[in-house]
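What follows is calculated from the coordinates using simple rules that are stated; it is not laboratory data. Every value quoted in this text rests on a predicted model; they were computed, and no experiment measured them. Methodologically, a virtual Cβ is constructed for each residue, glycine included, from the backbone with ideal geometry; neighbour enumeration extends over all protein chains shown.
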Amino acid sequence: MLEKILPSTLFGAINNTPIDKINEIRIRINRRIVVTIDGKSYYLSQDGLSSKADRALIASGEMIESITKRACENSVYAFTDQIKNGYITTKGGIRIGIAGEGVIDKNVVKNLKNINSLVIRVPREVRGCSSGIMGYLMQDEFLSTLIVSPPGCGKTTFIRDIIYQLSSKNYCYNVLLIDEKFEIANCFNGVPTLDVGNFCDILSGVPRGYGFEVGVKNLRPDIIVTDEVGTEKDCEALFKASTSGIRLLASIHASSLEDLEKKEEFERLIHNKVFKRYVLLTASPTPGKVVGVYDENFRCISY
Amino acid sequence: MTFKIFLLCVVLVCCISIGIKISKHYAIRERFYKDLCDYFKEYKLKVSYSKQKILEIIDTSRNYGKEFSHFLMEYKRYITCEIDETLLTKCNSLYFLNVEERKEVVDMFLSLGTMSKEEEMEKSRAGEIINSEKYNKCKIEKSKFSSLYVKLFIILALFIFIIFI
């Protein structure tokens, strides 16, 4: 997957690293390229990983432009909605976070130009990573669950595996996946490139509000899954869906349940006990480590 | 004498072939610019309605003439990073265009896909207009010169035939 988006010189260097274990590649204009493997950061040299700064490869503006162009498959117009939101999702689920100068029109960010930083995040399919907690999420039926963790702790991988587990154990739930950023199933030409099992309908690249509305009406899901909720609109959509008798599986950025409680927009969901289970993840010692499973009253029931 | 007649027949065939080849050159140019106009129409439609990516547009495009299809394949190789910009500029599939025309076409294609949807629409609209003008010019050239060259070379062949007989 990486060879499709990286220029040959950079991919040559990446090829000299344990490529299957890479979590992140950070490319900043005129700065040293950094690769993260299992939560640890290294400089990238022509010979592979290096702890010495003087051997590190320096990213150029042309390199960043070339990666952006390749990631967009030479069709920037098809990615402007993503670019203005600060990311590009490529075929294979690689998500590139981008930083640059905003083009603002009437107080709305229309685009990002002069891109100066790229964070290439490589997705992993870790089959069975959620097996240990599945028992806590099922009580005759699936319980609405929220995965809570700071960025980079494996929320998306975890969610993908839970969806797969729901299918593979043949619970026969109709799962509706609202994959706004193409990260979970990474549909390419409508076909998911990452395995989300047999019982999953996927609405890709649509805003969550639209996904919930259209999905509930037309696809009759038992469970709705979505990633990285956070805005008031998201919470409103989640609440509406929960009152329709649909169970939810979602994730949110927060480092603890105390942090989660501080989020005003989330108060209603906590107060109404929309989520019956909260799973807290951490990146230490490795991404995807479960800190604990909590019930709707934030009581720890596991770990 | 037989050898002489044989040689003159060969000259006759050669002259007619050259005439046909030159006339074909005009036909190819006309068809190429027509395909170019149609491609920009198709591009505009597919970008505006479904924001299809360039590769998808090429893969699902309608059947174009041999020359334009060949150029699209070269362009696709550039998009998929199999060849670089300089190789596309040297593109052999555009042998029937002069250097300026070739540069114009390649630059047009290199600029595709680099901007927002609205700007791409504008670009394809401009591409359609410019190329339809070119197409009309090529159409006139073809009607003027295509049959003329065939006739000229037939006359030339007959002239040689008469002189040497």
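Assorted remarks:
- Extreme residue, nearest to the other protein chains (Cβ to nearest Cβ), among residues of region B:122-133 that are surrounded by fewer than 21 Cβ atoms within 10 Å (Cβ to Cβ) and in contact with a helix residue (DSSP H, G or I) (Cβ under 6 Å, 6 or more places away or on another chain): B:128
- All positions within region B:142-159 that are surrounded by 15 or more Cβ atoms within 10 Å (Cβ to Cβ) and not basic (Lys, Arg): B:145, B:146, B:149, B:150, B:152, B:153, B:154, B:156, B:157
- Inside region A:69-95, residues that are over 19 Å from the mean Cα position of the chain (by Cα) and hydrophobic (A, V, I, L, M, F, W, C) make up a count of 2.
- Evaluation of residue A:84 against (1) of a type in the set (D, E, K, R); (2) touching a Ser or Thr at 6+ places or on another chain (Cβ under 9 Å); (3) in contact (Cβ under 8 Å) with a residue 12 or more places away in the chain; (4) within 28 Å of residue B:114 (Cα to Cα) (one fails), failing number: (2)
- Test: residue in region A:172-182 that is in contact with a Phe, Trp or Tyr (Cβ under 6 Å, 6 or more places away or on another chain), of a type in the set (A, V, I, L, M) and touching a residue at least 40 places away in the same chain (Cβ under 8 Å): yes
- The helices (runs of 4 or more DSSP H) found wholly in region B:1-113 and carrying at least 3 residues that are more than 30 Å from residue A:7 (Cα to Cα) and away from chain A (no Cβ under 11 Å) occupy B:2-50.
- Out of A:255, A:302, A:251, one residue alone is touching a residue at least 60 places away in the same chain (Cβ under 8 Å), over 21 Å from residue A:173 (Cβ atoms) and touching a helix residue (DSSP H, G or I) at 6+ places or on another chain (Cβ under 6 Å). It is A:302.
- Hits in region A:201-239 (condition: crowded, with 21+ Cβ neighbours inside 10 Å and touching a residue at least 40 places away in the same chain (Cβ under 8 Å)): A:221, A:223, A:224, A:225, A:226, A:227
- Applying the set (1) over 15 Å from residue A:246 (Cβ atoms); (2) over 12 Å from the mean Cα position of the chain (by Cα) to residue A:173 leaves exactly one unmet item: (1).
- Region A:120-143 residues that are closer than 12 Å to residue A:290 by Cβ, paired with ones that are small (Gly, Ala, Ser) (beta carbon under 8 Å, 6 or more apart): A:129/A:154; A:129/A:288; A:133/A:302; A:136/A:302
- Residue within region A:72-91 that is within 11 Å of chain B (Cβ to nearest Cβ), part of a strand (DSSP E or B), touching a Lys or Arg at 6+ places or on another chain (Cβ under 6 Å) and more than 27 Å from residue A:287 (Cβ to Cβ) present: no
- Any hit, region A:158-169, residues being closer than 26 Å to residue A:281 by Cα and outside any helix (DSSP H, G or I): yes
- Test: residue in region A:19-33 that is within 14 Å of chain B (Cβ to nearest Cβ), touching a Leu at 6+ places or on another chain (Cβ under 9 Å), β-branched (Val, Ile, Thr) and not in a strand (DSSP E or B): no
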